[in-house]
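The values are calculated or read from the model by the stated rules, or taken from the named source; none is laboratory data. Not measured: the values here are computed from a predicted model. All Cβ positions, glycine included, derive from the backbone under ideal geometry; neighbour counts span all protein chains shown.
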Amino acid sequence: MTESVSNHIEQLRKTINDHNHAYYVLDDPTITDIEYDRLLRELQQLEEQHPDLITPDSPTQRVGAKADSAFAEVEHLVPMLSLDNVFDEDELSQFARRINERLENDENRAIVCEPKLDGLAVSLLYEKGKLVQAATRGDGRIGENITQNVRTIKSVPLELRGNYPDKVEVRGEVFMTKASFESINEAARANDEKVFANPRNAAAGSLRQLDPAITAKRNLSIYVYSLGLADGVDLAGSHYDRLQQIKSWGLPICPEVKLKQGFTECLEYYHDILNRRDDLPYEIDGVVYKVDDIEDQEQLGFVARAPRWAIAHKFPAQEETTVLEKVDFQVGRTGAITPVARLQPVFVGGVTVSNATLHNMDEINRLDVHEGDTVIIRRAGDVIPQVMSVIKERRPKDAKAISMLTECPICQSPVEREEDQAIYRCTGGLFCQAQRKEAIKHFASRKAMNIDGLGDKLVEQMSEAKLITSIADLYRLTVEQLITLERMGEKSAENLINALEKSKQTTLAKFIYSLGIREVGEVTAQTLAVELNDIDTVKASSEQELVALPDIGPIVAKHIVAFFANEENNKVIADLIELGVNWPKVEKPSADEQPLLGKTIVLTGSFEAMSRNEAKDKLVALGAKVSGSVSAKTDLVIAGPGAGSKLKKAQELKIEVADEEQLIALLNNN
Ligand code: IVH
């Protein structure tokens, strides 16, 4: 009996470890999460019944007992070095020149390119294939023993596989994925706990927990990038091959590691990774180039604490400190008042930034930010720069606290806070020039009436000049009026009038969307058009009737009814129709004209045969709901080249993914 239970337990452990290996090392999952959990539970139950059969390297034994005080010191057998940095191509070519001087000149030298992961360096020591020690880098010579915490990292094998050395020490970076970081911070926010500033801090904080059970919950990851020492196997003669060897022992290597020839290729690698930086599931702060040949590495040796055979090529920093000089309040299309930080200009994320969003008053209170404070600004990718935190120690005596206005800065109407909401609003509605301006910008935008050539700047100019006060005024503009504007020639004025004329021919869904009713996005506008078929029915619908429609909730319904209860709005609609805005009559399509009804589709990446917007219109016409983000409710993700995080998420959630060719087939067959 015990014999067979013990065999079964062994078999389960092996199966679980194999699945782990397939998932973390081969990046090729072999079962679903649910099946995996089922196996782990089965093993747990058997071990509970037979505690004498528990072994320390069982996959159930990752979480050990709490440490009672600080971590013990560990002396590294081989010192853990750091890297020198370069910040631009000039510095990189100096590095290349130094190498070519010390070794034989070779323009096509093999160089391994790796992402510079933004986490913490750790060393893992395996003896006879078992993880016996994990340590932080510390000062490079002496680190801290964090074995109990590292054991909880699921991608760290507790046991090696294959032809591993008798004793081996590898180094790698422990990090937290962006997704884990977001979910941990979300949970912290929900519990009113302190949030982490970035994934690196979160990883560091998690690794230094005395209670491994906490570390286990933080979902850390690791990629190994070098070998400290290895006894008892023949090692490959190049860094790249050694990484493959390390991988064959069951340790995870970053899939972005590439073998290149010469520094021109390295630079291409740098730019490629920099372009994809936001789409990678983890944060990186640059790339690392390493001379591939180990003999060459040995010949190059070290300077101080960094090797001469490797260099980090850093990306422009995404975070910088600067002074927040002033907070202004901006009024949006729906009256929402957003505080905007005016900053001392600072170079961050590759551009000079002088404004950052502060979202709302809750955010100001959470940050406890004052005018005059030194703040940390973050600009990642094309995202609007954010104020991350305040350096309180540097607050000047005359720093000024920030409070919400009681009056709209533009129209002086009272400002109100909605119940249970963080947002304050100007109550002026379309009386407020700021709201009017924003409403016009929205009306003209591409997804709304698509008025070619009428961008935000021009709307600003026209409303400043009082040429337009409502959206209907757009269709009353004349060439004579337009040419009075600065930098507006007769040709451009004529073009704009033509574009306005052309925009009059629209669809009911686009028209409803253009009106800028609160909470009514493209999808809701489409629902209203398809379900109610004409603007008068939309106008006459009660809240009750609206909530009966698919995907329309009570809040949206309230906003729709309130919008049409306003006579001013109805007058504008009547004017627009009178001025010639029109759309084909909407017939409720029959089910066979809408083969994609009920399907939620997400488009990501770029397509060749059509723009993403065209693809979207076509899919919507077939009844699909086209959404901007992937969730469990998504039925299909159509991914073109360059697709990143959405594609990754679809794969994680095991959602069907199609390419452009399949999209075209789908459109043609329906
Ligand atoms: S190699 C002798 N490779 O960067 C070479 N380091 O600035 C030692 N890091 O402490 C490091 N990604 O924490 C290497 N692919 C990578 C890396 C990497 C991140 C970190 C590591 C190290 C620091 C050096």
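Every residue, every condition in (1) without any contact (Cβ under 8 Å) to a residue 60 or more places away in the chain; (2) within 16 Å of the ligand (Cβ to nearest atom); (3) more than 30 Å from Leu227 (Cα to Cα), yes or no:
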position	(1), (2), (3)
Leu259	no, yes, no
Glu265	no, no, no
Glu268	yes, no, no
Ala306	no, yes, no
Ala310	no, yes, no
Exercise. For Pro59, all conditions in the list (1) surrounded by 20 or more Cβ atoms within 10 Å (Cβ to Cβ); (2) more than 16 Å from the ligand (Cβ to nearest atom); (3) closer than 30 Å to Glu298 by Cβ hold save one; what is the number of the exception?
Worked result: (3)
Seminar exercise, completed: Pro255 vs (1) away from the ligand (no atom under 13 Å from the Cβ); (2) in a loop (DSSP other than H, G, I, E, B); (3) not β-branched (Val, Ile, Thr): all pass except (1)
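List the strands (runs of 3 or more DSSP E) inside segment 110-204, counting only whole elements, that have at least 3 residues being out of contact with any helix residue (DSSP H, G or I) (no Cβ under 8 Å at 6 or more places or on another chain) and under 30 Å from Gln261 (Cα atoms). Walk me through how you get there before you give the answer.
Values: elements: 110-117, 120-127, 130-136, 142-144, 167-176.
By residue number, 110-117, 167-176.
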Problem set entry | Selected residue (only one of Ala439, Ala434, Ala448 is in a loop (DSSP other than H, G, I, E, B) and under 28 Å from Lys510 (Cα atoms)) | Ala448
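If you take the residues of segment 411-432 that are of a type in the set (A, V, I, L, M, F, W, C) and more than 19 Å from His359 (Cβ to Cβ), which of them is surrounded by the fewest Cβ atoms within 10 Å (Cβ to Cβ)? Quick ask: steps written out before the conclusion?
Here is the first cut: in segment 411-432, the ones of a type in the set (A, V, I, L, M, F, W, C) are 411, 415, 422-423, 426, 430-432.
Add one more test, that the residue is more than 19 Å from His359 (Cβ to Cβ), and what stays is 411, 430-432.
Working: Cys411: 18, Leu430: 17, Phe431: 13, Cys432: 22.
Once the filter is applied, the top-ranked residue is Phe431.
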Exercise. With respect to Asn105, is the statement that it is over 24 Å from Pro255 (Cβ atoms), assigned to a loop (DSSP other than H, G, I, E, B) and away from the ligand (no atom under 16 Å from the Cβ) true?
Worked result: yes
Exercise. Going through segment 626-646 one residue at a time, which ones are touching a residue at least 40 places away in the same chain (Cβ under 8 Å), assigned to a strand (DSSP E or B) and in contact with a helix residue (DSSP H, G or I) (Cβ under 6 Å, 6 or more places away or on another chain)?
Worked result: Val626
Problem set entry | Search result, residues across segment 248-259 that are under 28 Å from the mean Cα position of the chain (by Cα), crowded, with 16+ Cβ neighbours inside 10 Å and not aliphatic (A, V, I, L, M) | Pro252, Cys254, Glu256, Lys258
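Hey, among Thr600, Thr604, Thr527, Thr507, which residue is of a type in the set (Val, Ile, Thr), in contact (Cβ under 8 Å) with a residue 60 or more places away in the chain and under 30 Å from Ala639 (Cβ atoms)?
Numbers: Thr600 fails: in contact (Cβ under 8 Å) with a residue 60 or more places away in the chain; Thr604 fails: in contact (Cβ under 8 Å) with a residue 60 or more places away in the chain; Thr527 fails: in contact (Cβ under 8 Å) with a residue 60 or more places away in the chain.
Selected residue: Thr507, the only one of Thr600, Thr604, Thr527, Thr507 that is of a type in the set (Val, Ile, Thr), in contact (Cβ under 8 Å) with a residue 60 or more places away in the chain and under 30 Å from Ala639 (Cβ atoms).
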Problem set entry | Output for segment 297-324, where each listed residue is assigned to a helix (DSSP H, G or I) and either aromatic (Phe, Trp, Tyr) or in contact with a helix residue (DSSP H, G or I) (Cβ under 8 Å, 6 or more places away or on another chain) (or both) | Gln297, Gln299, Leu300
Problem set entry | Evaluation of Gln44 against (1) in a loop (DSSP other than H, G, I, E, B); (2) polar (S, T, N, Q); (3) away from the ligand (no atom under 16 Å from the Cβ) (one fails), failing number | (1)
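Condition check ((1) among the small types (Gly, Ala, Ser); (2) more than 26 Å from Ile294 (Cβ to Cβ)) across all residues:
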{"position": "Ala65", "(1), (2)": "yes, yes"}
{"position": "Asp68", "(1), (2)": "no, yes"}
{"position": "Glu75", "(1), (2)": "no, no"}
{"position": "Val86", "(1), (2)": "no, no"}
{"position": "Arg137", "(1), (2)": "no, no"}
{"position": "Gly143", "(1), (2)": "yes, no"}
Problem set entry | Those residues of segment 474-500 which are in contact (Cβ under 8 Å) with a residue 40 or more places away in the chain, surrounded by fewer than 16 Cβ atoms within 10 Å (Cβ to Cβ) and within 30 Å of Lys616 (Cα to Cα), in sequence order | Asn495
Exercise. Is there any pair linking a residue in segment 58-69 that is over 17 Å from Leu131 (Cα atoms) to one that is in a loop (DSSP other than H, G, I, E, B) and among the acidic types (Asp, Glu), with Cβ under 6 Å and at least six apart or on different chains, and which?
Worked result: Lys66/Asp211
For this session: For segment 380-393, indicate whether the set of residues that are outside any helix (DSSP H, G or I) and either among the basic types (Lys, Arg) or over 31 Å from the mean Cα position of the chain (by Cα) (or both) is non-empty.
Result: no
Seminar exercise, completed: Being more than 21 Å from Gly119 (Cα to Cα), crowded, with 20+ Cβ neighbours inside 10 Å, in contact with a Phe, Trp or Tyr (Cβ under 9 Å, 6 or more places away or on another chain) and among the β-branched types (Val, Ile, Thr) narrows Ile311, Ile337, Ile273 down to just Ile337
Exercise. Are any residues in segment 108-150 more than 11 Å from the ligand (Cβ to nearest atom) and of a type in the set (A, V, I, L, M, F, W, C), and if so, which ones?
Worked result: Ala110, Ile111, Leu124, Leu125, Leu131, Val132, Ala134, Ala135, Ile142, Ile146, Val150
Seminar exercise, completed: For segment 649-663 the number of residues that are surrounded by fewer than 18 Cβ atoms within 10 Å (Cβ to Cβ) and part of a helix (DSSP H, G or I) is 4
Exercise. So, in segment 228-247, of the ones that are at pLDDT 95 or above and under 25 Å from Glu283 (Cα atoms), which residue ends up surrounded by the fewest Cβ atoms within 10 Å (Cβ to Cβ)?
Worked result: Gln244
Problem set entry | Hey, Val561 in contact with a strand residue (DSSP E or B) (Cβ under 7 Å, 6 or more places away or on another chain) and modelled with pLDDT of 90 or more or not | no
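Identify, please: which residue in segment 62-79 is of a type in the set (D, E, K, R) and assigned to a loop (DSSP other than H, G, I, E, B) and is, among those, surrounded by the fewest Cβ atoms within 10 Å (Cβ to Cβ)?
Taking segment 62-79 first, the residues of a type in the set (D, E, K, R) are 62, 66, 68, 73, 75.
With the extra rule that they be assigned to a loop (DSSP other than H, G, I, E, B), the set shrinks to 62, 66, 68.
Details: Arg62: 19, Lys66: 11, Asp68: 6.
Checked segment 62-79; the qualifying residue surrounded by the fewest Cβ atoms within 10 Å (Cβ to Cβ) is Asp68.
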Problem set entry | Near pairs, Cβ below 9 angstrom, 6+ apart or cross-chain, from segment 74-100 (more than 18 Å from Glu114 (Cα to Cα)) to any residue that is among the basic types (Lys, Arg) and away from the ligand (no atom under 15 Å from the Cβ) | Ile99/Arg109; Asn100/Arg109
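Looking at segment 366-408, which of its residues are under 21 Å from Arg277 (Cα atoms), in contact with a helix residue (DSSP H, G or I) (Cβ under 7 Å, 6 or more places away or on another chain) and not aliphatic (A, V, I, L, M)?
Start the filter on segment 366-408 by keeping residues that are under 21 Å from Arg277 (Cα atoms), which leaves 376-388.
Cutting the leftovers down to in contact with a helix residue (DSSP H, G or I) (Cβ under 7 Å, 6 or more places away or on another chain) gives us 380-381, 387.
Selection gives Gly381 alone.
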Exercise. With (1) more than 18 Å from Asn670 (Cβ to Cβ); (2) buried (at least 20 other Cβ atoms within 10 Å of the Cβ) as the list, and Leu596 as the residue in question, which single condition is left unmet?
Worked result: (1)
